[in-house]
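S.K.: Questions regarding the structure given below will be posed in turn.
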Amino acid sequence: MSSYEVNFDGLVGLTHHYAGLSFGNVASTNNKNQLANPKSAALQGLWKMKTLADMGFKQGVLPPQERPCITTLRTLGFTGSDAQVIAQVAKRSPKLLSAVSSASSMWVANAATVSPSSDTLDGKVHFTVANLNNKFHRSIEADTTGRALQAIFNQSTHFSHHNALPQQAVFGDEGAANHNRLCSDYGGAGVELFVYGRKAFGGDIEPQKYPARQTFEASDAVARLHQLDPGNRVFIQQNPDVIDQGVFHNDVISVSNGPVLFYHELAFLNQQTAFAELTEKLALQGTQFVPICVPLAKVSLADAVSTYLFNSQLLTKADGTMVIIVPQEVENNSRTWAYLNELINSGCPINEVKVFDLRESMRNGGGPACLRLRVALKEQELAACNQGVLMNDNLYNSLTDWVERHYRDRLSEQDLADPQLLIENRSALDALTKILDLGSIYPFQL
């Protein structure tokens with residue numbers, strides 16, 4: 001029976017702008033108040049999806065969210081027509097308007113944590129929507145994210161959906177950005193590696209400058225919800241010192257695929273103990289753990305963060321070797337590019353590199369890995385998905401045309417006060433739900 005890893009990429013939303021909302025994300029902060037190009041951002045993401053699909057990889061699409069989020073503003077006491085609500089917020093709290101207009105849902109690595117059916121006791125694919133409660137602008141995404149996932153993975157015989165964990169700091173959950181899975185085959189049993197930044201109930205050292213967004217308690221709860229056997233899970237703490245240097249998620253310092261974990265020398269605490277456990281549990285499944293450590297002497301943390309070398313995708317090609325998908329910034333940095341070329345000629349499983357221009361997303365702090373949610377599916381599970389979201393030539397052409405018709409090619413924070421932007425957003429999303437066959441998933445449609 002065939003099995004696949006399907007990468008579901010997030011479509012960049014119409015209100016993509018640079019507001020510096022993500023404290024701890026260096027790129028987000030550094031590019032605050034720059035002029036954004038939502039149309040270019042969406043087209044860059046679509047090109048990556050189409051190119052990977054053309055290379056033979058399974059590729060899906062996840063929709064953006066309705067922004068500005070009028071529902072949230074009404075819960076905060078703003079009243080009147082939608083246009084009046086926007087005008088009030090723009091006058092009284094423009095930063096709030098920016099937050100509820102964020103297009104951050106494009107980074108669907110934070111949409112949810114996913115466990116494939118081979119790992120779960122009930123034999124279903126499990127999804128837990130991330131609460132993202134460390135950042136207000138992201139914490140308002142969960143409801144729509146849940147509806148979108150349920151519209152795509154809509155057959156209960158194959159898929160099990162869980163609501164976001166309680167919106168409280170003890171259970172801070174950032175989704176798949178802090179979750180890796182190692183296996184010999186996507187359809188076989190694997191070991192899920194949960195990476196956390198701190199223990200909310202104490203017991204570990206924590207970062208001092210930037211927040212540790214993922215708690216052990218959240219990761220532990222997700223593992224229980226997904227009915228993971230203890231033999232299918234390992235927990236490891238991210239190094240708090242690297243969090244304080246801008247590594248706000250694990251996917252900024254490591255990435256996995258199959259039996260390979262590609263990681264920076266300084267990525268984890270207590271690495272030896274966790275890797276020994278990982279090695280042992282994979283061996284019981286007949287899989288040899290393949291760690292690829294990038295030494296500090298080759299790639300500094302500053303270079304890792306500025307180029308997003310680790311916020312990459314590792315994809316298995318037909319011959320069993322791997323290609324690494326990186327942003328243009330990696331090639332533009334002589335040190336990271338030299339290291340990658342050394343790597344692909346070293347005889348390790350990674351023997352090819354492919355570069356993409358994702359400048360609009362990168363300037364807001366998200367690279368190739370941020371833009372995709374990995375879902376390992378067996379053949380019958382893939383067939384049970386909503387086929388309207390799977391990338392092919394027709395869908396690419398439809399979505400490209402949709403972007404060209406609905407998106408602005410420049411957007412500043414001041415433009416968010418324009419009530420016409422909400423009308424444009426709703427019109428575009430209404431058309432999108434028809435293209436992707438999603439039904440009614442947005443607040444204005446319910």
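The values are calculated or read from the model by the stated rules, or taken from the named source; none is laboratory data. What you are looking at is a predicted structure, and each value in this text was computed from that prediction instead of being measured. Heads up, the Cβs are rebuilt from the backbone with ideal geometry, glycines too, and the neighbour counts pull from every protein chain shown. All accessible areas refer to the heavy atoms of the entire protein, side chains included, with ligands and DNA or RNA removed. Shrake-Rupley method; radii C 1.70, N 1.55, O 1.52, S 1.80 Å.
S.K.: For G231, state whether it is free of Cβ contacts under 8 Å to residues at least 24 places away in the same chain and either outside any loop (DSSP other than H, G, I, E, B) or over 26 Å from Q288 (Cα atoms) (or both).
M.R.: So G231 does not fit the description; no.
S.K.: Additional query: Test A130 against the stated conditions and say whether it is within 15 Å of the chain's Cα centre (by Cα) and modelled with pLDDT of 95 or more.
M.R.: So A130 fits the description; yes.
S.K.: Taking only pairs six or more apart or across chains, which ones have beta-carbon atoms under 6 Å, a first residue in region 136-157 that is among the polar types (S, T, N, Q), and a second residue that is not in a helix (DSSP H, G or I)?
M.R.: Once the first residue is among the polar types (S, T, N, Q) and sits in region 136-157, its partners that are not in a helix (DSSP H, G or I) give S139/L132; S139/N133; T144/Q65; T145/A111; T145/V129; Q150/H161.
S.K.: Go through region 189-211 and count every residue that is touching a strand residue (DSSP E or B) at 6+ places or on another chain (Cβ under 8 Å) and of a type outside the set (V, I, T).
M.R.: 13
S.K.: Does E5 meet the test of being at pLDDT 95 or above and part of a loop (DSSP other than H, G, I, E, B)?
M.R.: Against the criterion (at pLDDT 95 or above and part of a loop (DSSP other than H, G, I, E, B)), E5 does not qualify.
S.K.: What is the one condition in (1) surrounded by 17 or more Cβ atoms within 10 Å (Cβ to Cβ); (2) of a type outside the set (K, R); (3) farther than 20 Å from A369 by Cβ that A112 does not satisfy?
M.R.: (3)
S.K.: Residues being in a loop (DSSP other than H, G, I, E, B) and modelled with pLDDT of 95 or more: count how many of those fall in region 240-268.
M.R.: Here the count works out to 6.
S.K.: If you don't mind, there's one more thing I want to ask. Determine which member of the set F289, F268, F262 is surrounded by 14 or more Cβ atoms within 10 Å (Cβ to Cβ) and either under 26 Å from A53 (Cβ atoms) or without any contact (Cβ under 8 Å) to a residue 60 or more places away in the chain (or both).
M.R.: Residue meeting the stated conditions: F262.
S.K.: Out of the residues in region 350-388 that are acidic (D, E) and out of contact with any Gly (no Cβ under 9 Å at 6 or more places or on another chain), which is most open to solvent (accessible area, probe 1.4 Å)?
M.R.: The residue in question is D357.
S.K.: Among the residues of region 161-190, how many are in contact (Cβ under 8 Å) with a residue 60 or more places away in the chain and either of a type in the set (K, R) or surrounded by fewer than 22 Cβ atoms within 10 Å (Cβ to Cβ) (or both)?
M.R.: The total comes to 7.
S.K.: Say whether the condition of being within 24 Å of the chain's Cα centre (by Cα), touching a residue at least 12 places away in the same chain (Cβ under 8 Å) and open to solvent by 10 Å² or more (accessible area, probe 1.4 Å) is met by at least one residue in region 336-346.
M.R.: no
S.K.: State whether the residues of region 56-67 include one that is under 20 Å from F8 (Cα atoms) and surrounded by fewer than 20 Cβ atoms within 10 Å (Cβ to Cβ).
M.R.: yes
S.K.: Based on this model, can you work out whether Y407 counts as more than 23 Å from S104 (Cβ to Cβ) and open to solvent by less than 60 Å² (accessible area, probe 1.4 Å)?
M.R.: No, not satisfied.
S.K.: Show the residue pairs meeting these rules: Cβ distance below 7 Å; 6+ apart or different chains; first residue within region 40-66 and closer than 15 Å to N394 by Cα; second residue of a type in the set (G, A, S) and at pLDDT 95 or above.
M.R.: Q59/A53
S.K.: Go through region 88-129 and give me each residue that's under 25 Å from F248 (Cα atoms), assigned to a helix (DSSP H, G or I) and not charged (D, E, K, R).
M.R.: Once the filter is applied, which keeps residues that are under 25 Å from F248 (Cα atoms), assigned to a helix (DSSP H, G or I) and not charged (D, E, K, R), region 88-129 yields L96, L97, S98, A99, V100, S104, S105, M106, V108, A109, N110.
S.K.: Residue under question is K317, and the condition is that it be open to solvent by 40 Å² or more (accessible area, probe 1.4 Å), touching a Gly at 6+ places or on another chain (Cβ under 6 Å) and among the basic types (K, R); does it hold?
M.R.: Here the answer is no, as K317 does not meet what is asked.
S.K.: Could you say which residue among L73, L132 is open to solvent by less than 10 Å² (accessible area, probe 1.4 Å), over 29 Å from E379 (Cβ atoms) and in a loop (DSSP other than H, G, I, E, B)? Don't jump to the end; show me each part of the working.
M.R.: Details: L73 fails: in a loop (DSSP other than H, G, I, E, B).
The conditions single out L132.
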